[in-house]
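Working notes, beginning with the structure itself.
Each reported figure results from applying straightforward, stated rules to the coordinates on display, with no laboratory input. Everything numeric in this text was worked out from a predicted model, so none of it was measured. Cβ placement follows ideal geometry from the backbone for every residue including glycine, while neighbour counts extend to all protein chains displayed.
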Amino acid sequence: VVAICLALGGGFLWLYSDAKVSTVGSTDFNNELKVPPLAKSVVKRDGTRVFDLTMRAGKKEFRAGQKTSTWGFNGDYLGPTLRAARGEKVQAKIKNSLGEESTVHWHGMHLPAEMDGGPHQMVAPGATWTPHWTVNQPAATLWYHPHPHGKTEKHVQRGLAGMFLLDDEKSGRLALPKKYGVDDLPVIVQDVKFDGAEFDHGHKLMSDTGFLGNRTMVNGTLDPYKEVGDELVRLRLLNASTARIYDFGFSDARDFALIGTDGGLLEKATRMDRIRMSPGERAEIVVRMKPGERTTLRSFPNDSYADSWSTRFAGGDDSFDVLQLRAKKTLRDSPELPAALGELEVPDGSDSVRGRFFGLLTSGINGKKMEMGRIDETVTRGTAETWTVRNEHSTPHNFHIHDVQFRVLEVDGKEPPAELRGAKDTVFVPGNTTVKLAMRFDGPADPDTPYMYHCHLLFHEDLGMMGQFVVVEKGRKAGKVHAPHAHT
Ligand code: C2O
Ligand code: CU
């Protein structure tokens with residue numbers, strides 16, 4: 001028996017050993033960080049700001065001499081940064097040149113269900129989909145990515161993702177770093193793995209979290225550095241990885257100010273030296289640099305997978321050197337961070353009219369797998385609710401709700417940590433943990449078109465860890481979900 005165990009154990013070590021790659025301290029930062037361009041837009045006579053996005057296949061040289069097959073928006077990999085202000089009407093013209101159906105979902109955006117870009121708004125190959133809405137939410141770092149049911153992991157990891165920045169009057173007046181690409185940097189973090197010239201998107205046998213890569217990229221740049229010329233640098237962190245959970249901090253343990261979360265600015269900046277982010281989450285941090293110095297944004301080992309099969313066998317080492325910051329010899333002065341930042345426009349739970357419970361297992365939510373034709377929850381327009389989400393086993397999950405931003409009221413009955421005290425649309429739910437969330441559904445009612453809630457570990461989402469809710473007028477019932485059809 002002992003011999004068999006040893007043989008099996010050895011086999012596992014051999015099978016999984018290549019995932020145990022730690023890049024900390026071993027990274028040469030020899031590629032200048034690419035900054036996604038700001039998307040061009042035209043403003044029509046009625047004030048609508050129009051963006052053009054084409055989804056297409058491409059080839060990208062992430063490493064010299066190696067051309068990798070990719071997908072991107074208006075380019076080979078990732079997409080331009082969209083930017084709009086609160087109160088503006090926006091329209092996106094999405095052309096699908098991929099050769100297969102896809103969608104574009106506006107993650108974190110408060111908008112009508114028909115415009116959401118979820119699995120019910122498929123865009124046929126060759127077709128153009130033109131959603132439009134009015135921005136009505138605070139300044140924030142949002143993002144966009146495809147959401148075709150069962151294929152989201154594949155579409156995102158091939159490169160379809162981009163940022164969508166919102167501004168508002170108050171954020172425009174605040175003395176925060178805001179020179180895009182200079183002292184205000186998008187930091188889109190993805191883990192990747194290569195097999196020869198191509199991406200290797202294979203899952204490890206028995207991985208219960210999905211794809212885990214062995215190195216990271218920022219904005220599609222491997223081993224990136226960024227030279228900065230200001231004392232204060234704002235990093236808009238987006239975990240655009242499909243399954244990996246990061247514990248970000250700096251190599252020299254310096255602290256930073258957390259100024260914003262998924263849905264916008266915090267009430268006041270909070271100093272910290274580590275921030276944990278699961279897939280889909282955003283955080284805006286401000287770090288202070290001294291002339292001539294270097295520091296590295298790093299992902300530290302974390303216990304997020306502690307009890308999961310993934311740690312034991314498939315890449316539990318989450319140490320990565322993510323991005324090196326290099327300060328110039330002389331730096332422009334930056335004003336001190338303002339004492340007050342934003343106002344949280346998320347309810348505090350006190351006016352919730354109803355509670356709901358969501359039990360998470362990789363096999364489904366509340367025991368059900370996603371069904372395109374089934375509406376799982378019906379909420380009344382204009383009301384606040386409290387949702388209790390429990391991870392019922394040890395595999396890590398998170399929970400994302402479309403249409404709304406929420407407040408995390410509790411994590412296992414306790415006050416949430418600082419990084420969960422802002423407006424959120426995605427929250428990490430570690431193994432055997434319960435979170436309590438408060439949100440208000442004040443968007444337009446549409447009994448026939450559902451929004452999604454799901455685990456944002458994309459392998460899990462694709463497996464069916466997703467459910468659908470509709471927003472209806474008081475006293476009305478959910479309608480009948482239209483059979484999914486692609487916009488042609
Ligand atoms: Cu970022 Cu429903 O997803
Ligand atoms: Cu999950």
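Key figures for this structure:
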{"item": "Theoretical ellipticity at 222 nm over the chain - DSSP helices of four or more residues, -39500 (n - 2.57) apiece, nearest 500", "result": "-2000 deg cm²/dmol"}
{"item": "Region 78-91 - phi-based ³J(HN,Hα) in whole Hz, Karplus 6.51/-1.76/1.60, Gly and Pro as x", "result": "6, x, x, 8, 7, 9, 8, 10, 4, x, 7, 8, 10, 9"}
{"item": "Dipole of region 31-164, positive direction: furthest Cα of Gln66, Ala113, Gln137, with charges on the beta-carbon", "result": "Gln66"}
{"item": "Semi-axis lengths (Å, descending) of the ellipsoid that matches the C-alpha gyration tensor of the chain", "result": "31, 28, 24"}
{"item": "Which of Leu265, Pro430, Leu457, positive extreme of dipole for the chain (C-beta unit charges)", "result": "Leu265"}
{"item": "Equivalent ellipsoid semi-axes, region 156-292, via Cα gyration tensor eigenvalues times 5, rooted, Å", "result": "29, 16, 15"}
{"item": "Under 10 Å, Cβ to Cβ, from Leu160 - net charge with Lys/Arg +1 and Asp/Glu -1", "result": "+3"}
{"item": "Scattering profile of region 352-472 at q = 0.23 Å⁻¹ [log10 I(q)/I(0), Debye over alpha-carbon scatterers]", "result": "-1.44"}
{"item": "Rg/Rg_globular for region 67-148, with Rg_globular taken as 2.2 N^0.38 Å and Rg from C-alpha atoms", "result": "1.12"}
{"item": "Summed residue charge, Cβ within 12 Å of Asp333's Cβ, Lys/Arg positive, Asp/Glu negative", "result": "-2"}
{"item": "Positive-end extreme of charge dipole, region 352-472 - chosen from Val411, Thr362, Thr380 (charges on Cβ)", "result": "Val411"}
{"item": "Entries in Lys67/Lys179; Lys268/Lys424; Lys151/Lys368; Lys34/Lys193 that, when Cα-Cα distance is taken, lie over 22 Å", "result": "Lys67/Lys179"}
{"item": "Gain on full stretching of the segment that runs from Asp46 to Glu267 - 0.36 nm per residue minus C-alpha separation", "result": "76.2 nm"}
{"item": "Test item: Cα-centred dipole of the chain, Lys/Arg +1 and Asp/Glu -1 on Cβ, debye", "result": "820 debye"}
